[in-house]
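Right, one structure below, let's go through it.
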Amino acid sequence: MRVGVLGDTHGLLRSTACEAMRDCGLILHTGDVGDKEVLHELRRIAPVVAVRGNIDTGAWARGLPLAEVAEFDGRSFYLLHRLADLDLNPRAAGFDAVLYGHSHQPAIEWRDGVLFFNPGSAGPRRFSLPVTVGRIEIAGGELRPEIVSLL
């Protein structure tokens, strides 16, 4: 079972991002979607859970929560855009992973048994940062995160 994670699309959904999500049973978007069509296209691949980022200001984005919980294959994921806005203890709250974006910098870090995962930016290239998405394989009860380069 695999979860696709992407963020900071800023209205640009690359075909390579869609291809990286093809074998995922769920897609999680960590905000700065940029355009409702991005979510519409992703929903053609798999169910989508998304949060609102700081650039998601249009009327279409008002329905997106600032934080959201998603469950998949017995694992619990907490999504938000800015990690600095995390206002709970994920381990105490029972989450297996915290997924976030905003910085455009991909990151995989384990803190007190909880995965902190930033898929990086799948949208327009920013400075010299890579263009990436993430995937999390759930196998044998374990989370196996990976960063996938799109360019």
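So how many residues does segment 5-48 have that are open to solvent by less than 20 Å² (accessible area, probe 1.4 Å), on the phi > 0 side of the Ramachandran plot and over 12 Å from the mean Cα position of the chain (by Cα)?
Summing the residues that are open to solvent by less than 20 Å² (accessible area, probe 1.4 Å), on the phi > 0 side of the Ramachandran plot and over 12 Å from the mean Cα position of the chain (by Cα) in segment 5-48 gives 0.
Quick one: which of GLY123, GLY94 is modelled with pLDDT of 95 or more and buried (at least 20 other Cβ atoms within 10 Å of the Cβ)?
Values: GLY94 fails: buried (at least 20 other Cβ atoms within 10 Å of the Cβ).
Just a single option satisfies the conditions, and that option is GLY123.
Check whether at least one residue in segment 125-132 is part of a loop (DSSP other than H, G, I, E, B), of a type in the set (Ser, Thr, Tyr) and without any contact (Cβ under 8 Å) to a residue 40 or more places away in the chain, and report yes or no.
There is at least one residue in segment 125-132 that is part of a loop (DSSP other than H, G, I, E, B), of a type in the set (Ser, Thr, Tyr) and without any contact (Cβ under 8 Å) to a residue 40 or more places away in the chain.
In a strand (DSSP E or B) and without any contact (Cβ under 8 Å) to a residue 60 or more places away in the chain, is that true of GLU37?
no
Tell me which of these VAL51 doesn't satisfy, since it passes every other one: (1) touching a Pro at 6+ places or on another chain (Cβ under 9 Å); (2) over 20 Å from ARG144 (Cα atoms); (3) among the hydrophobic types (A, V, I, L, M, F, W, C); (4) surrounded by fewer than 21 Cβ atoms within 10 Å (Cβ to Cβ).
That leaves (4) as the condition not met.
The values are calculated or read from the model by the stated rules, or taken from the named source; none is laboratory data. Keep in mind that what you see is a predicted model, and the values were worked out from it rather than measured. Ideal geometry is used to build each Cβ from the backbone, glycine not excepted, and the neighbour counts take in all protein chains shown. For accessibility, only protein heavy atoms count, side chains too; no ligands or nucleic acids. Shrake-Rupley method; radii C 1.70, N 1.55, O 1.52, S 1.80 Å.
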